[in-house]
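The values are calculated or read from the model by the stated rules, or taken from the named source; none is laboratory data. Values in this document were obtained by computation on a predicted structure and should not be read as measured data. Note that we place each Cβ from the backbone using ideal geometry, even for glycine, and neighbour counts take in every protein chain shown.
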Amino acid sequence: MILKSLVTAFLFLTIVPIKTKWSISEKEVYNSSIFFPIVGTFQGFILVLVAFLCLKIFSPEITAALVLVAYLSLTGGFHQDGLADTFDAYAVKSSGNLIKDREKRLQVMRDSTTGPIGVVAVVFSILLKYLLIKENLSFNINANKYLVLFLLPVFSKWAMVSVMYGAKKAREEGLGRIFLEHTGMIPLSISTIFLVFLGFAGFFVMSPSIFAPFSLKWYCFLSFLFVEITIVWLVCLFLKHIFTGRFGGLTGDNFGAIHEVTEIVFLLVVNSWK
């Protein structure tokens, strides 16, 4: 069951071609949330590898663009689609009838076409991430720049799990409904343990001996990790509240939007950490 849930997490969050000989049940789907940070680890490793190789040839500006291309290629733009749909639906004006407004917004979210607000949201999201990654690659010290790229997808995958806990469902169908009905304290706790463990694993594996003297101290990294987790969690609570009020609950598209927003927040904290 553990292997099935892990494979399901990869199938859900990446376009990695994994052949399975079994059918995926709802149980594997909602249990897969436990392993979201593990999927983030795989993606983070790819981002580090791309950045490491590209920086030997290209400037930080070009490298940042190639890192983003690699990231989008791994996910197939899955989260950007959720971001666009969420903001298109969020932009629907209120008529004064709460029930009808929510139904209209959910209908807009189901629409396969992307409106102007959704396009703007995706463009600004990618632009901000590009600038923040470039800043990280240009000015961060030695291996720290790679640690940031490694943790970026780990944090955003954990953010989706954290927002699932205690949230209402906006629809009675879809993958989002499965996660929202079954993600309780145990999946959240395990995914949080994975997050902290992977954070320190990345810190120690990525040659801490070449870090700046300040960064050598593990408790400095612990404080950074604590601040990042706290801020990302608070942002998730805020978005959960906003989206629940607007849509009557959360959907799978909202998870994609939260994934993208929390990555920007994570990078903003990194770039302000002096």
> So which pairs qualify, if the first residue must be in the range 180-197 and touching a residue at least 40 places away in the same chain (Cβ under 8 Å), the second must be of a type in the set (Asp, Glu), the Cβ gap must be under 9 Å, and the two must be at least 6 apart or on different chains?
Replying inline: GLU181/GLU26; HIS182/GLU26
> Can you name every residue in the range 163-179 that is assigned to a helix (DSSP H, G or I) and either at pLDDT 85 or above or hydroxyl-bearing (Ser, Thr, Tyr) (or both)?
Replying inline: VAL163, MET164
>> So if I check each of ILE62, ILE99, which one is surrounded by 13 or more Cβ atoms within 10 Å (Cβ to Cβ), of a type in the set (A, V, I, L, M), more than 18 Å from the chain's Cα centre (by Cα) and part of a helix (DSSP H, G or I)?
In response: ILE62
> Counting only residues that are touching a residue at least 40 places away in the same chain (Cβ under 8 Å) and basic (Lys, Arg), which one in the range 215-274 is surrounded by the most Cβ atoms within 10 Å (Cβ to Cβ)?
Replying inline: LYS240
> VAL123 fails exactly one of the following numbered conditions: (1) touching a residue at least 24 places away in the same chain (Cβ under 8 Å); (2) surrounded by fewer than 20 Cβ atoms within 10 Å (Cβ to Cβ); (3) under 22 Å from the mean Cα position of the chain (by Cα); (4) assigned to a helix (DSSP H, G or I). What is the number of that condition?
Replying inline: (1)
> Hey, any hits in the range 228-236 for a residue that's of a type in the set (S, T, N, Q), modelled with pLDDT under 95 and over 30 Å from GLU173 (Cβ atoms)?
Replying inline: no
> Scanning for something at pLDDT below 95 and among the charged types (D, E, K, R), does the range 116-129 turn up at least one residue?
Replying inline: no
>> Of everything in the range 1-56, what is in a loop (DSSP other than H, G, I, E, B) and aliphatic (A, V, I, L, M)? Give them in sequence order.
In response: MET1, ILE15, VAL16, ILE18, ILE24, LEU55
> Consider ALA65 against the criteria (1) out of contact with any Gly (no Cβ under 7 Å at 6 or more places or on another chain); (2) hydrophobic (A, V, I, L, M, F, W, C); (3) free of Cβ contacts under 8 Å to residues at least 40 places away in the same chain: it satisfies all of them except one. Which criterion is unmet?
Replying inline: (3)
